[in-house]
Amino acid sequence: MVNLERLGRIPDNGSFFYFRGCFINNVYPGIEFATRFVLEKLGVNFVVSDDQTCCGTPEFSSLNADTVLTSVVGRNTSIISEKTPFVLTDCNGCYSSFYMAEALMEDAKIKAQTERILKKIGRKFEEVEVIHIADFFYKNMGGILEKTTMTLGGMKLAVHYGCHYSHVDGEKGLDSIENPSFIEEMIEKLGGKSVEYTEKILCCGFGGIQQTVHKKISYATTQKKLDSLSEAEAEAVVVICPYCLNVLDKYQGNLLDVEMLDKPILVIHLSQLLALIMGAEPEKLGFQMHRIPVENIISRLTPKESRTKK
Amino acid sequence: MTSNTGEVSSSEGWNWSFFDKVEGLDSKKMENCFSCGICVGDCPAAKNSSYNFRKIICDVALGEEEKVLSSKEIWYCYTCFQCIPKCPWSIGIPYVIYRLRKLAMEEGYGWDLIEILSGVGRNLIEIGLSISPRDYARMDPKKAEMELAKSRLEMGLSERYEVSEKAIEELKIILGETGFREMLDNLEERVKESKESSENY
């Protein structure tokens, strides 16, 4: 069941700040192209700013006091609120930075230190409403359906929501923590067949520093995830985070190389999927950066007219 | 003490001196925590390694400072936050792990494990972004940077994703104030030292 209170906090119109992530821009720019494409098709008024920096990367908390995250996030909220209080992000990492910083600011000591630090640059931690792009697209499903030129052609798609989307804001999130299903609902409406699988909630395997320092345990998680997707006969898995995309795509390539997985499962960001069926040129969606070729998805899409002719 | 099966015995006396050093923990909640274990059930780290938060926190409350800080277990947490909504006692487990890692580093442990963060940390200070076009390159980094710029232009995006000078200046100030820059210098020094000593072998 979708949390209507949360859905209601997403405004129908007005101006939004598109928070650009460094992983998307410097590794998967096709996701940024896709997000912009869908927002423009929907006629959404959004701004960006070069004064925005990296979100603060949650993992830096390992390096130092919690004030690194709260100060970097705080500075960004100050830049954002100069334009609008509503922020859109297409990365679970950026999304979680905002919510983690908010949680850390409940500690009086951290709050006081952060305020002192931000004062040095004449800024304040401002209140902003951080909206994940998946939530925003769900809210705008009507507009999306109107603008699509193709359907998903009955393709079997599974969804991986990702830890730093599902677990950071707990009960305040848009959907159930244990079994979210709003993206599956979107897939069905767009002419796809949504597929359930046992390890839906399991982490992609990235695990913060684990994918670098403990590759063996990180791989074991990714393989478990992919095995479960494979068992459910998913043709593709839709993600909402570039890090999950990277891990599921890159590791999968390695597993296929050593025949530890039979069939490739395409990995695609929700923004890329929506842009595709809304008429974006596939060449612009950055699929050349993916290790598992996405061509199969493209060949399965069906023009919308053919459905009405039947 | 904890046994190998993960059973926790409460017959031993607690010693809260180390516990108090790990800020943000409430001793009143702890008896509940020790007898719970909900966080371990679906924990991806617990499934694939010897990580078990309940055992770690018990050792903390037993005052086993050296044992916990020198352990490899505190570095297995995925910081996936799955335990945050699950924990009935609102312990904020990943934040406790972050603090334990920080205390461990103060004692000289774990520096080799966070070497990866020195590159992204330096990126943050220098370009205001943690990931640069060269970091995830599947080819020669210089070539990757050129390929990325080409793709970005074809997509109608700017050739490079750049943060303003003003933003980088402000970021430098706040990262200095948080102690991040000093920490990073330390980290780089240690990485250099360990590389030199391995070269001497």
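The values are calculated or read from the model by the stated rules, or taken from the named source; none is laboratory data. The shown structure was predicted, so the numbers you read here are calculated from the model rather than taken from an experiment. Positions of Cβ are generated from backbone atoms using ideal geometry, with glycine treated the same way; all protein chains shown enter the neighbour counts.
Among residues of region B:74-89 being more than 9 Å from every other protein chain (Cβ to nearest Cβ) and closer than 23 Å to B:Glu64 by Cα, the one that is modelled with the lowest pLDDT is B:Trp89. For region A:82-139, enumerate the residues that are hydroxyl-bearing (Ser, Thr, Tyr), farther than 24 Å from A:Val27 by Cβ and out of contact with any strand residue (DSSP E or B) (no Cβ under 6 Å at 6 or more places or on another chain). Result: A:Thr114, A:Tyr138. Might you let me know whether region A:210-220 holds any residue that is modelled with pLDDT under 95 and more than 10 Å from chain B (Cβ to nearest Cβ)? Scanning region A:210-220, I find at least one residue that is modelled with pLDDT under 95 and more than 10 Å from chain B (Cβ to nearest Cβ), so the answer is yes.
If you filter region A:232-266 down to residues that are part of a helix (DSSP H, G or I) and touching an Asp or Glu at 6+ places or on another chain (Cβ under 9 Å), you find that the one that is farthest from B:Ala137 (Cα to Cα) is A:Leu256. Mind listing just one residue for me: the one in region B:159-177 that is at the interface with chain A (Cβ under 7 Å from one of its Cβ atoms) and more than 28 Å from the chain's Cα centre (by Cα) and, of those, surrounded by the most Cβ atoms within 10 Å (Cβ to Cβ)? The selected residue is B:Ser164. Residues of region B:113-127 include at least one that is surrounded by 14 or more Cβ atoms within 10 Å (Cβ to Cβ), touching a residue at least 60 places away in the same chain (Cβ under 8 Å) and more than 11 Å from every other protein chain (Cβ to nearest Cβ). Here A:Gly191 clears all of (1) on the phi > 0 side of the Ramachandran plot; (2) without any contact (Cβ under 8 Å) to a residue 60 or more places away in the chain; (3) not hydrophobic (A, V, I, L, M, F, W, C) except the condition numbered (2). Can you find even one residue in region A:228-244 that is under 30 Å from A:Leu42 (Cα atoms), in contact with a Pro (Cβ under 6 Å, 6 or more places away or on another chain), in the same structural domain as A:Tyr165 (by TED's automatic domain parsing) and surrounded by fewer than 24 Cβ atoms within 10 Å (Cβ to Cβ)? No, that holds for no residue. Of all residues in region A:1-38, those being buried (at least 19 other Cβ atoms within 10 Å of the Cβ) and either in contact (Cβ under 8 Å) with a residue 24 or more places away in the chain or of a type in the set (A, V, I, L, M) (or both) number 20.
I'm checking my understanding of the structure. Among residues of region A:65-112 that are facing chain B (nearest Cβ under 8 Å) and polar (S, T, N, Q), which one is farthest from B:Gly92 (Cα to Cα)? Across region A:65-112, the extreme among qualifying residues is A:Ser71.
Candidates in region A:167-177 are the residues that are buried (at least 20 other Cβ atoms within 10 Å of the Cβ) and among the acidic types (Asp, Glu); of these, the one that is modelled with the lowest pLDDT is A:Asp169. Selection of first residues in region A:72-93 that are outside any loop (DSSP other than H, G, I, E, B) and of second residues that are among the small types (Gly, Ala, Ser) and surrounded by fewer than 24 Cβ atoms within 10 Å (Cβ to Cβ), restricted to Cβ pairs under 6 Å at least 6 apart or on distinct chains, gives the following pairs, ordered by first then second residue: A:Ile79/A:Ser49.
Selection of region A:128-156 for residues being hydroxyl-bearing (Ser, Thr, Tyr) and over 15 Å from A:Thr35 (Cα atoms) yields A:Thr149, A:Thr151.
The condition (being more than 10 Å from chain B (Cβ to nearest Cβ) and either within 16 Å of the chain's Cα centre (by Cα) or of a type in the set (Gly, Ala, Ser) (or both)) is satisfied by just one residue among A:Gly142, A:Gly162: A:Gly142. The residue that is nearest to B:Gly41 (Cα to Cα), among those in region B:59-77 that are surrounded by fewer than 17 Cβ atoms within 10 Å (Cβ to Cβ) and of a type in the set (D, E, K, R), is B:Lys72. Given the criteria over 18 Å from the mean Cα position of the chain (by Cα) and crowded, with 24+ Cβ neighbours inside 10 Å, does A:Tyr197 qualify? For A:Tyr197, the condition - over 18 Å from the mean Cα position of the chain (by Cα) and crowded, with 24+ Cβ neighbours inside 10 Å - is not met. If you go through region B:90-101 and keep only what is more than 7 Å from every other protein chain (Cβ to nearest Cβ) and charged (D, E, K, R), you end up with just B:Arg99. Residues in region A:250-267 that are among the charged types (D, E, K, R) and either closer than 15 Å to A:Leu157 by Cα or outside the structural domain of A:Leu190 (by TED's automatic domain parsing) (or both): A:Lys263 alone. Hey, any hits in region A:14-24 for a residue that's among the hydroxyl-bearing types (Ser, Thr, Tyr) and more than 14 Å from chain B (Cβ to nearest Cβ)? Yes. Of all residues in region A:148-166, exactly one satisfies the criterion of being of a type in the set (Val, Ile, Thr) and buried (at least 24 other Cβ atoms within 10 Å of the Cβ), namely A:Val159. Residues that are at pLDDT 90 or above and among the β-branched types (Val, Ile, Thr) occur at least once in region B:44-57. Of the residues making up region A:153-170, those that are in a helix (DSSP H, G or I) and free of Cβ contacts under 8 Å to residues at least 40 places away in the same chain are A:Ser166, A:Gly170. Can you run down the residue pairs with Cβ atoms below 6 Å, 6 or more apart or on separate chains, where the first is in region A:112-136 and touching a residue at least 24 places away in the same chain (Cβ under 8 Å) and the partner is part of a strand (DSSP E or B)? Between residues of region A:112-136 that are touching a residue at least 24 places away in the same chain (Cβ under 8 Å) and residues that are part of a strand (DSSP E or B), the close pairs are A:Val128/A:Val87; A:Glu129/A:Phe86; A:Val130/A:Val87; A:Ile131/A:Leu88; A:Ile133/A:Leu88; A:Phe136/A:Leu88.
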